[in-house]
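To start, the structure under review is shown below, and the notes come after it.
The values are calculated or read from the model by the stated rules, or taken from the named source; none is laboratory data. Just so we're clear, the structure is a prediction, and the values are computed from it rather than from any experiment. Cβ placement follows ideal geometry from the backbone for every residue including glycine, while neighbour counts extend to all protein chains displayed. Accessible surface areas use protein heavy atoms only, side chains included; no ligands, DNA or RNA. Shrake-Rupley method; radii C 1.70, N 1.55, O 1.52, S 1.80 Å.
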Amino acid sequence: QSSGPSPTVAIIGSGPAGFYTAQKLMRTLHGTKVDMYEQLPVPFGLVRFGVAPDHPEVKNCQDTFQDVAASPNYTFIGNVHLGHQLPLPLLAKHYDTIVFAYGASKDRRLGLEGEDKPHIYSARAFVGWYNGLPEYRDLSPDLQAGETAVVVGQGNVALDVARTLLSKVEDLKKTDITEYALEALSQSNIKHVHVVGRRGPMQAAFTIKEVRELLHLDDVNFTPIPDELFPLDLKALPRPRRRLLELLKKGSPPNEKATKSWSLDFLLAPKSLKWGAENSRKLEGVVFSRTKLEDPNSSESKVSSTDETVTLPTSTLFRSIGYKAEAIPGMEELGANFDERKGTVEHDGTGRVIPIETVPLSGSGTSKRPSLYCSGWVKRGPTGVIASTMTDAFQTAEAIIADWKKAFHNDDISSVAQQNLAPERLGWQGVLRDAKTMQIDLEPVHWDNWQSIDKEERRIGESRGKPREKFSSVDEMLQVSGK
Ligand code: FAD
């Protein structure tokens with residue numbers, strides 16, 4: 001479509017936000033060059049390290065990402081941690097556009113005393129552990145400490161955690177779950193999982209598919225939800241909420257053969273942790289405040305704590321109250337602000353970063369700063385599925401395209417002027433050259449290296465009857481990458 005110059009773009013992060021932004025840009029502005037930076041040697045972000053192993057169909061988006069990566073204008077630069085290994089301002093002079101698409105790499109905490117003691121895990125760590133995220137390979141959660149687990153939080157990630165704890169190991173064996181997780185789950189003593197939320201069924205964040213999967217697990221009973229927690233007239237509700245509540249009300253028929261069970265425990269806000277009298281590092285329970293809804297029939301209802309407390313005895317606690325993004329060092333120097341309260345890069349609502357007053361760029365040797373954008377979870381906060389991340393990424397790409405066209409595809413500008421307006425950017429080659437000059441040691445992994453890792457993972461997986469056996473350490477990944 002485009003006849004004028006095309007942008008050289010750096011995208012930071014290779015999850016769905018990064019790939020869908022790249023796809024739309026490369027399709028619409030022909031000749032656009034995309035360099036995608038990723039801290040790990042492997043691409044796809046939470047599609048690889050978040051999505052549950054028993055949801056293989058969700059990972060089909062990787063086929064689309066594979067097509068994007070096949071373009072000669074696309075370069076994958078894995079194993080390069082922006083802002084940590086490679087200073088962010090170093091990118092400035094080599095790109096027209098930089099897109100922050102680096103997701104949310106921290107998790108929200110409950111704020112309870114003792115939260116860092118043993119037997120308390122963040123869902124992010126537990127999910128990362130069973131999915132082979134190098135950061136959590138050595139988590140070794142103790143699943144033998146007792147028969148009851150509490151998951152605080154009632155979103156889909158909380159249900160993923162509960163389902164993984166309750167599923168039959170024979171079923172998980174056929175997925176790409178890591179071998180060490182299978183081993184630990186096969187020896188787990190956990191028989192009941194409480195999935196606890198501050199609000200009621202009307203306000204729950206999980207979706208119908210995830211509830212249905214848990215209700216249909218073999219030999220797992222569901223504790224019925226008390227009738228008084230449901231609105232009197234379900235029929236009056238909007239269809240999606242009505243269907244979800246009808247399903248929750250119906251539950252699943254009790255199964256005498258069941259060896260495990262789960263419950264949804266509503267209207268409970270975590271208050272404190274209960275420790276063993278003799279061993280102050282042994283978790284014995286979680287104390288909750290009973291909560292009260294301002295308007296039980298509204299899905300947006302506010303909630304407040306009452307004086308009543310409820311203790312759920314447990315030896316294992318998972319907190320699943322959300323992921324959290326953080327700033328990348330050097331963002332401000334580039335001209336971007338990270339809003340700590342919202343946990344997002346500050347932008348205008350469409351993904352255009354709101355520029356801030358900055359100091360001159362160190363060592364960039366240029367007065368022209370790249371245009372900055374953000375996409376995905378770091379733009380709108382850590383909520384939403386891959387489909388909503390796609391919509392969001394397309395919106396960011398459209399903003400980039402509109403701004404680029406406005407600057408360079410104006411018919412009033414002669415082609416000579418256009419060339420002057422768009423000085424050549426060297427992209428990754430320029431960054432690599434500067435990194436060498438600054439003696440920054442990089443070991444980049446490119447797409448063909450990832451393909452070697454992918455092939456080896458599939459080969460080992462096939463021999464074990466699973467789609468792939470993931471490498472869970474960076475060293476192992478590099479060893480088979482053909483570098
Ligand atoms: P991410 O996928 O997190 O990608 C960000 C990438 O940036 C990562 O690869 C990260 O390594 C990289 N990065 C971070 N910092 C740097 C840096 N400084 N330098 C270089 N690279 C960096 N959605 C569904 O549709 N179906 C599901 O079943 C589903 N299950 C989910 C289960 C879990 C546990 C979670 C947490 C989410 C799930 N989602 C699911 C939601 C989906 O994963 C997200 O919508 C989507 O991944 C967000 O995309 P993103 O690109 O913004 O972030």
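Miscellaneous remarks
- Being at pLDDT 95 or above, open to solvent by 30 Å² or more (accessible area, probe 1.4 Å) and closer than 11 Å to Phe318 by Cα holds for only one residue in Arg109, Arg137, and it is Arg109.
- The C-beta contact set for the range 290-305 (first residue assigned to a loop (DSSP other than H, G, I, E, B), second residue β-branched (Val, Ile, Thr), distance under 8 angstrom, 6+ apart or interchain) comprises Glu294/Val303.
- Taken together, the residues in the range 57-69 that are loosely packed, with under 15 Cβ neighbours inside 10 Å and more than 12 Å from the ligand (Cβ to nearest atom) amount to 3.
- Answer from Asp54, Asp35 - the residue that is closer than 13 Å to Ala69 by Cα and more than 6 Å from the ligand (Cβ to nearest atom): Asp35
- All positions within the range 26-56 that are open to solvent by 10 Å² or more (accessible area, probe 1.4 Å) and of a type in the set (Val, Ile, Thr): Thr28, Val51
- The range 164-197: number of residues that are within 16 Å of the ligand (Cβ to nearest atom), in contact with a strand residue (DSSP E or B) (Cβ under 9 Å, 6 or more places away or on another chain) and part of a helix (DSSP H, G or I): 1
- Condition check for Gln23: open to solvent by 10 Å² or more (accessible area, probe 1.4 Å), within 15 Å of the ligand (Cβ to nearest atom) and over 30 Å from Asp475 (Cβ atoms): yes
- Selection within the range 433-483 - of a type in the set (S, T, N, Q) and surrounded by fewer than 18 Cβ atoms within 10 Å (Cβ to Cβ): Thr437, Gln439, Gln451, Ser452, Ser463, Ser473, Gln479
- Residue within the range 78-95 that is without any contact (Cβ under 8 Å) to a residue 12 or more places away in the chain and more than 18 Å from Val345 (Cβ to Cβ) present: no
- Listing of strands (runs of 3 or more DSSP E) fully contained in the range 198-286 that carry 2 or more residues being open to solvent by 40 Å² or more (accessible area, probe 1.4 Å): 268-275
- Any hit, the range 88-95, residues being open to solvent by less than 40 Å² (accessible area, probe 1.4 Å), near the ligand (Cβ under 9 Å from one of its atoms) and more than 19 Å from the chain's Cα centre (by Cα): yes
- Members of the range 287-315 that are of a type in the set (Val, Ile, Thr) and either open to solvent by 20 Å² or more (accessible area, probe 1.4 Å) or closer than 23 Å to Asp227 by Cβ (or both): Val287, Thr291, Val303, Thr306, Thr309, Val310, Thr311
- Pair list, Cβ < 6 Å and 6+ apart or interchain, from the range 251-278 residues that are in the same structural domain as Leu166 (by TED's automatic domain parsing) to residues that are of a type in the set (Asp, Glu) and surrounded by fewer than 17 Cβ atoms within 10 Å (Cβ to Cβ): Lys257/Asp219; Ala258/Asp219; Thr259/Asp219; Lys274/Glu284; Gly276/Glu284
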